[in-house]
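As structure tokens, the structure follows; a few thoughts come after it.
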Amino acid sequence: LLRQIFPGEPVEELKKLHNHRIERERSKRVTEGYTPPRLPPRLNSTKHARTVDLPEDFLRLPSTVAVLRYAGRKREDDSVVYRYEALAMLEEKVLKQMTIKGYTDRGTVFTRAVFRDPELGLGMTLAHEDGHVVVHSIPTGKQQQNNSLISQSPSSKAGIQPGDIIVGFNGHCLMASSGMDGHNLLLHAVVAIRQSPDPVVVHCRRRTLIDTPAAIASARHSRVSLLDETYLDSSTEEVEEDQEKKPSIWSTPSVGRNGEPRVHMLVQVLAKKGLVNSKEEMELSGTLAKFNERAWEMEASQAQLIGVRKALSVRILNYFSEGAKMAYTLFVYDAESGHEWYAPLRYYEDFADLKYAVTSLIPQLSKIPFPRQHQATNIFGSPRANAANALDNQAWQLEKFIRSLCSLLYEARPHQSIGEVAIHVQSFLGCDAVHFDMPPSANSPWETPNDYLQEEKSILKRSLQCYVYRAFLLKPLALIVDDFVKNVRKNCPSLQDLESIEAHGIANLQQAALDDLANLERFLDSLQTAILEGGMDDFRSITSHPNFLSLRRMFHGKRGEIAWNELVREAVREQVEIEAYVPLRSVVSRWLVNGWRHEDMEAHFKINELRQRPSHYFGVPTMPDGSEIWMSAARILSENVERSTLPCAKLRAIVEAAREIARICESHRGKIVDSESNNPSQELRQLGADQFLPILIYCVVMAKIERPCALCVLLRALCDKVTRIGEVGYYLASFEATVVHVRDFDLTEETEHMKSFLSVNLDAE
């Protein structure tokens with residue numbers, strides 16, 4: 001009581017005063033028989049409520065257990081009444097409110113009592129991120145001139161870190177108001193802090209490290225909230241045992257870097273380029289972390305995700321009218337397996353049926369924009385005004401609709417029917433007809449250790465590509481790609497414009513095509529550079545996962561580092577081309593087909609004539625029994641070059657065909673005979689350009705590539721410049737020299753052998 005009355009006096013003086021009062025009261029009782037009144041003291045609550053500082057061990061619970069709150073006054077004597085509120089009970093109230101609102105994201109919820117500082121307040125700045133309030137930063141505190149710290153941030157003292165999600169204050173869930181926009185959400189949090197007494201009870205949620213062995217072990221035996229139980233495989237234990245035997249996709253990097261501010265490096269790179277506002281950095285970093293969190297949930301429990309594709313990229317490449325209906329051609333690419341295919345022809349009514357099916361499962365999906373139907377003609381069959389623009393917008397909105405459904409696994413809240421929605425979307429895209437055998441040898445035993453390493457290397461590439469797929473789900477990158485695609489399509493010349501340009505000379509048309517391709521190449525390179533700079537730490541984290549333990553020796557040392565960088569560049573470039581090149585494929589094809597059609601017609605005619613000639617006509621070595629041994633390389637060119645959509649995939653097929661030629665020479669050394677003397681060929685002991693080019697010419701002729709000249713221009717213009725160095729560059733130059741030789745070959749000359757390729761410049765454009 002004396003401490004409350006005299007808060008500024010030292011303890012020893014209060015003890016002396018207390019003893020003196022006791023002695024005085026004793027003397028009164030002895031001499032006068034005086035009985036002191038027993039009335040409770042009245043305290044001014046506004047003056048003393050915040051200045052009382054009783055010792056921790058004097059009838060007071062520590063702030064880590066409970067907080068003292070003003071509970072009102074008694075009616076009898078108008079005295080102040082206080083009560084303790086346990087932090088555990090307040091946290092339990094918040095958790096119940098979160099459960100009612102459907103928040104089941106994985107994380108650790110903790111509660112702290114934060115005392116205000118007169119100058120710093122709570123000592124933290126807040127930001128909004130995906131419907132949540134997060135701790136953006138925490139100041140270091142006040143410092144003197146000698147840099148000695150005077151006071152630390154109250155939030156930092158309580159253990160709150162940047163990146164923590166604020167889920168409530170004083171037992172009330174703040175996430176219950178997540179439906180409001182970011183500004184109102186922050187305003188709601190500020191009002192709650194201002195109206196709160198001291199200390200402020202803050203409820204936070206912190207993400208755990210998702211790649212720790214304990215977390216992975218616990219996730220293997222826990223059900224993922226994204227999928228309904230009806231889609232879980234019954235033989236879970238057998239599938240888990242099989243997953244432990246073979247490597248699997250793992251595209252999730254580590255998060256939570258020692259409590260440091262989680263502004264992702266990729267977001268920082270975008271901010272440096274002026275593509276992201278500084279206020280959005282934390283929000284975007286949290287969004288990317290959420291995508292990785294969802295990926296962890298799906299990849300760590302693969303036995304529960306049988307049949308669900310988690311990285312589908314969809315584009316509408318073309319549309320046309322079939323009577324009164326509009327038909328759409330959809331291109332689909334699966335980053336998990338590397339498969340690409342065209343979905344069955346779909347009509348507007350099919351999209352409407354899909355929307356009805358998914359919204360009946362999850363009503364919130366009705367908020368995804370869906371276009372109303374447009375017709376190219378009116379009821380009288382006459383063309384409508386601005387019909388082309390309306391149909392273009394309709395196709396664009398339908399594409400955004402189906403792409404939003406494909407990214408639902410990462411962007412939507414967990415729902416028990418989200419797995420069934422994914423199955424509906426996959427059936428719409430024709431996934432049922434695709435055999436996802438990634439890698440191709442996954443169902444067959446590995447013959448050599450090198451086969452296993454190559455398979456694991458392929459899976460690592462797909463894992464990196466899945467990460468890049470999620471990066472393109474970020475709004476800034478998606479908007480950049482969409483704006484560029486719209487601009488290029490808008491400026492694409494019509495066939496009449498191409499004819500007008502060609503009227504001034506075919507060279508003008510080709511130069512205009514090369515200028516457009518150069519613009520596209522710069523855009524692809526800028527995207528690739530940004531992702532490589534911003535995601536390199538995550539790429540290394542993915543590579544260090546136990547799934548790819550066998551590859552660490554392959555990537556060890558200087559040569560291993562070079563091989564790893566090439567693999568990362570290849571994975572990033574492939575997904576960049578999927579996102580930015582595929583929607584512009586029709587524009588690129590229009591330039592190439594019209595600009596180099598005369599050269600391709602000439603080459604096509606000569607290829608058809610040369611296909612009728614025997615192999616010894618090309619000076620190609622054969623087996624003693626006359627059997628063809630080079631057709632495997634020709635099939636690689638015929639199947640992979642013609643059927644692949646991406647420029648990087650076409651270039652990779654050419655390199656594979658060239659390596660197949662070298663492998664055949666190595667495996668049949670001593671058995672191959674010279675075409676002239678029919679004796680064992682001694683020249684193929686070391687495969688040089690003089691021996692390699694005739695074989696490549698023969699394979700290109702037998703592959704019957706449709707437009708070889710336009711293909712050379714495409715590869716030279718759009719493929720990664722860094723990749724076109726060394727072995728890949730040599731094989732590309734050899735392929736270009738082969739096409740030039742075939743196109744310039746004079747069929748009127750009856751020569752016994754084809755030796756003119758020796759004069760071809762390998763660096764010819």
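Here are some notes:
Matching residues to (1) in a loop (DSSP other than H, G, I, E, B); (2) modelled with pLDDT under 80; (3) open to solvent by 60 Å² or more (accessible area, probe 1.4 Å):
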| site | (1), (2), (3) |
| --- | --- |
| 112 | no, no, yes |
| 123 | yes, no, no |
| 127 | no, no, no |
| 133 | no, no, no |
| 139 | yes, yes, no |
| 150 | no, yes, yes |
| 155 | no, no, no |
| 160 | yes, no, no |
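- Candidate set from the range 307-363 (those that are open to solvent by 10 Å² or more (accessible area, probe 1.4 Å), acidic (Asp, Glu) and part of a strand (DSSP E or B)); member that is nearest to residue 251 (Cα to Cα): 340
- Checked against the criterion of being within 25 Å of residue 299 (Cβ to Cβ) and open to solvent by 40 Å² or more (accessible area, probe 1.4 Å), the range 474-485 contains one or more residues that satisfy it.
- Inspection of the range 281-290 finds a residue satisfying the criterion of being open to solvent by 40 Å² or more (accessible area, probe 1.4 Å) and either out of contact with any helix residue (DSSP H, G or I) (no Cβ under 6 Å at 6 or more places or on another chain) or modelled with pLDDT under 85 (or both).
- Selection status of residue 459, surrounded by 15 or more Cβ atoms within 10 Å (Cβ to Cβ), touching a His at 6+ places or on another chain (Cβ under 9 Å) and of a type outside the set (Phe, Trp, Tyr): no
- Every residue from the range 726-746 that is open to solvent by 50 Å² or more (accessible area, probe 1.4 Å) and in contact with a Leu (Cβ under 9 Å, 6 or more places away or on another chain): 730
- Residues considered: 334, 350. Of these, the only one that is of a type in the set (Asp, Glu), within 21 Å of the chain's Cα centre (by Cα) and modelled with pLDDT of 90 or more is 334.
- Among (1) touching a Lys or Arg at 6+ places or on another chain (Cβ under 6 Å); (2) surrounded by fewer than 19 Cβ atoms within 10 Å (Cβ to Cβ), the one test that residue 522 misses: (1)
- The residue list 538, 516 contains one member that is more than 20 Å from residue 452 (Cα to Cα) and within 26 Å of the chain's Cα centre (by Cα), which is 538.
- Residue in the range 488-511 that is surrounded by 16 or more Cβ atoms within 10 Å (Cβ to Cβ) and under 26 Å from residue 268 (Cβ atoms) present: no
- Pairs where the first residue, in the range 74-103, is closer than 12 Å to residue 203 by Cβ and the second is open to solvent by less than 70 Å² (accessible area, probe 1.4 Å) and of a type in the set (S, T, N, Q), C-beta under 8 Å, 6+ apart: 87/111; 88/111; 90/111; 90/170; 91/111; 94/111
Residue by residue, here is whether (1) among the β-branched types (Val, Ile, Thr); (2) under 30 Å from residue 519 (Cα atoms); (3) modelled with pLDDT of 90 or more; (4) under 39 Å from the mean Cα position of the chain (by Cα) holds:
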| site | (1), (2), (3), (4) |
| --- | --- |
| 621 | no, no, no, no |
| 645 | yes, yes, yes, yes |
| 690 | no, no, no, no |
| 709 | no, yes, yes, yes |
| 713 | yes, yes, yes, yes |
| 716 | no, yes, yes, yes |
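- Count of the range 593-621 residues which are open to solvent by 80 Å² or more (accessible area, probe 1.4 Å) and either within 19 Å of residue 661 (Cα to Cα) or touching a residue at least 60 places away in the same chain (Cβ under 8 Å) (or both): 3
The values are calculated or read from the model by the stated rules, or taken from the named source; none is laboratory data. As the structure is a prediction and not an experimental result, all values here were calculated from the model. Because the Cβ atoms are built from the backbone with ideal geometry, glycine has one as well, and the counts that use them run over all protein chains shown. Side chains are part of the model used for accessible areas, which takes the heavy atoms of the whole protein and leaves out ligands, DNA and RNA. Shrake-Rupley method; radii C 1.70, N 1.55, O 1.52, S 1.80 Å.
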